[in-house]
Structure formats: structure tokens, C-alpha cells
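Enquirer: Take this structure first; my questions come after.
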Amino acid sequence: MPSARLVTRPFLLNWASTFFLLLAIGTLLPVLPLYAKGPLEQTGVGIGLAVAAASPTAFLAQPLAGRLGDRHGRRLLVAGGGLVAALSMAAYPGADSLATLVGLRLLTGAGEALVLVGTATVVNDLTPDERRGEALSLYSLAVWGGLAAGPLLGELALGDGRYDAVWLAAAACALAGGLLGLSVPETRPAAATTVAPVPGRLLHRAAVLPGLALAATMIGFAGFAAFVPLYARELGMGGAGPVFTVNALVVVTIRSLGRRIPDRAGPKRTATLALVLVGAGFALVAGLDSPTGLYAGTIVLATGQALVFPALMTLAVSGAPARERSGVVGTFSAFADLGFAVGAVTLGAVEAGVGAIGVFAVAACLAATGLVPLGRVPARSPVPTPAVADAPP
């Protein structure tokens, strides 16, 4: 039986909104560590805090955003989150201390949480069950497309130290994503408008084990995001922008050409392979200690990253009915931010003690721990998806 078309007008609008938010985040990635180390005169843990400060509020806000999306719809999350992120980034030029920057980054994390829960739920609402992994792979091209282009935009805007230009460019991108969110049609299933969400449940059980596996990979990626910009310069490279771009381009390529891998190989098997590749990538970076090793490890790491998100989210979403779907997405996404926040701070302490090589070695070990909760995820059949309330083709 032929499957329904995936790439519809709502899908494209949602994709574009996601892309612009992640373009804003990517613009900040290579610049925040430099700003923390230079103008703010921070080291190790301080640099990690500057990078990861958005994650605690994103972690806390995403389960709440999930419940909000189940009660009041997805469009509110997408448009409102873009506006919150844009306003917070526009205030970065006034951040003349680490405390001020961290405060603004916390607000950025709240906006990021709303958008990512909203847009990821829209994709799941629109997707046939048998093609969920493929649709999530296509959706994630917006995430990694933004992360691929963002660092280049950030370093271009930075030039010889134009930090304010970077912050305002990121704010403009986030605002564009929020405005596009106003055009995303409401996709909350019609059944959810007449059946109340399950009360008293902040973290959705179906997403906890897949979320813990995702967190294991995100701990290491936090170290990658925070310390590769500094490590690249230690190796005599001109900057980390090309490394972030290679990482994102590998993810984009695999999720484009191999977008059906999670559906065909099975999400649990795909996630297992992905966790092994993430660990192997970090081990290469740590073991070779050279520009060649950095690029080779990034390619292997990115291959794992390309597969882990669609596979694990497919496992999470398949364990719950549609009326609870935004809550599942919110819980699953929250674990990504939990891992990123824990990783940036704890690996910041590792970097202060033993340097960047120690960061990547620890990250390789931590990725393997994700296999433990993954092994406990039960085999599931997807819960059928009802028609959405308002999703024109």
C-alpha cells in the first residue's frame, strides 16, 4: 500500500522555522567560548557555563512545553519560542559579565525548548507510522543545516572581534524562525481536542530510557562544542568553523541519503550502532591528537549523530498515543539538554585538569554507557496516528 506524501506545505514551513532557530544557535557555537575566554576572562568551567547555560532551562522547559503543546497546540510553541530566543539574543551586547551572559543564555534555552518541542511534534503529527524514522531524518536536516551554516556565519560576523554583530545576527535568525512559525498550521490531532492529556505526568515514561541513551551522547557533544574551538587553535588551525561544518555536513548527508535506515534496520538496532560510532569518533580525536585526527574523529562521530536522534525518537514516540505525543517529545528532548548541560560543566572541569584530550577520552567512555538504558527499551508496535485537526497538504 503506498505511503502518504511526507514533504507537504506544513512540513516545509515547519522545517524552515526549525532551520532559522538552529542557524541562530549555530552562529553562537564557535563564538561563545572565545567571548568567555577573551572579554569575560574565563577559563575551563566558566567557558563551559557560557556555552551550556541555555541547557538547564531547556531541560526544565521542554516537559512543560510538551504538556502545553498537548493542551493548546503546537503553533503556540513554535512562534512564541522563536520570539523569546530572539529577544534574549538581542540583549547579549549588554552582557559584560559571566553572570549576565548566563542569565540571558537561560532565557535563550527556554525559547529553544519551545521551538524544538513544537516543531518535532508537528513532524510526528504529520508522519505515517511506518515512515517516522525517515520523516525525522528529513526534519533533522533543518537542525543540522542550521548548525552547518551557523558557525560560518558566526565567524564571518565576528571578524576581528565584532561580538555584537554576532549576537544581533543570531537574534535576527531566531526572529525569522518565530515569524515563520506563525504560518505553521495547527497539527494537534482532532482526538486530542476532546480528550484531556494525562494529568500529573511531567516526564513521559515512554521517553525516559531512549532519553537517557540520547543524554549519553550529548554529554560528549557538549565537550565537543565547548572545547573544539580552543583545541583547534592549539593544533595550529585557523579556527573551528570548518570542523563544525564537516560535522554537520556528514550528518546532513547521511540523514538525506540514508534517511530510511532507522525504519528498515529497526530503530533499536540503528541506535545501538550509532552509540558505538559516537564513542569511536571521540576515541579517534583523543588518540590521534592532530588536525587529521580531529577531522577523522569528527566524521565518525557525526555518522553516529546522524543515526542516533531519529532512531531514539522513533522508539520514544512509538510507545505513546497521539494525544500524549507532545509530552513524549518534550521529555525526550529534555534529556538532550540535560546531557549537554552536565557535559559542558563536568567536562569543563576535566579540561581544566588534563586538557582537551582528556575531554574527548572521557566522552568516548560516556557514550558507551548509553547502551545500558537502550538495552532495556522494550520492543514496541507504534500507536496508530489519528487524523490531525488542521493540516492542509
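Enquirer: What ranking of VAL102, VAL243 comes out by heavy-atom accessible area, probe 1.4 Å, highest first?
Expert: These residues rank, largest area first, as VAL102, VAL243.
Enquirer: Testing the spin-label approximation: label points 7 Å from Cα along Cα→Cβ at VAL372 and LEU182. State their distance in nm.
Expert: It works out to 4.9 nm between the two label points.
Enquirer: Take ASP129 and LEU235, extend 7 Å from each Cα along the Cα→Cβ direction, and tell me the distance between the two endpoints in nm.
Expert: Reported label-point gap for ASP129 and LEU235 is 4.5 nm.
Enquirer: Using only alpha carbon pairs under 8 Å that are at least six residues apart, calculate the relative contact order of the chain and give it in whole percent.
Expert: 29 percent
Enquirer: Tell me, what ³J(HN,Hα) does each residue in the stretch 300-306 have, in order and in whole Hz, if you take phi through Karplus 6.51 cos²θ - 1.76 cosθ + 1.60 with θ = phi - 60° and put x for Gly and Pro?
Expert: Once θ is set to phi - 60°, the couplings for the stretch 300-306 become 5, 4, 5, 4, x, 4, 4 Hz.
Enquirer: Another question about this same structure. Calculated from DSSP H runs of 4 or more alone, at -39500 (n - 2.57) each and per residue, what is the 222 nm mean residue ellipticity of the chain, nearest 500?
Expert: -25500 deg cm²/dmol
Enquirer: Once you order the gyration tensor axes a ≥ b ≥ c over the Cα atoms, which shape class does the stretch 212-272 get: rounded for a/c under 1.5, otherwise prolate or oblate by comparing a/b with b/c?
Expert: The shape class here is oblate.
Enquirer: Follow-up. With a point put 7 Å past each Cα toward its Cβ, work out how far ARG162 is from ARG260 in nm, to one decimal.
Expert: 4.6 nm
Enquirer: Follow-up. Would you rank LEU288, LEU257, LEU6 by solvent-accessible area, highest first, keeping every protein chain in place and using a 1.4 Å probe?
Expert: LEU257, LEU288, LEU6
Enquirer: With every protein chain present, what accessible area does THR303 have (1.4 Å probe, heavy atoms only), rounded to the nearest 10 Å²?
Expert: Surface accessible to solvent at THR303 totals approximately 40 Å².
Enquirer: Ignoring any ligand, DNA or RNA, what whole percent of the accessible area of the chain comes from carbon and sulfur when the probe is 1.4 angstrom?
Expert: The nonpolar share, carbon plus sulfur, comes to 68 percent.
Enquirer: Would you list ASP129, ASP289, ASP70 from the most to the least accessible area, probe 1.4 Å?
Expert: If we order ASP129, ASP289, ASP70 from most to least accessible, we get ASP289, ASP129, ASP70.
Enquirer: Let me ask something else about it. Keeping all protein chains in place, calculate the accessible area per residue for the stretch 238-348 (probe 1.4 angstrom), answer in Å².
Expert: Here the residues of the stretch 238-348 average 30 Å² of exposed surface.
The values are calculated or read from the model by the stated rules, or taken from the named source; none is laboratory data. This structure is a prediction, so every number in the text was calculated from the model and none was measured. Glycine also receives a Cβ, built like all others from the backbone with ideal geometry; neighbour counts cover every protein chain displayed. Calculation scope for accessible area: heavy atoms of the full protein, side chains included, ligands and nucleic acids excluded. Shrake-Rupley method; radii C 1.70, N 1.55, O 1.52, S 1.80 Å.
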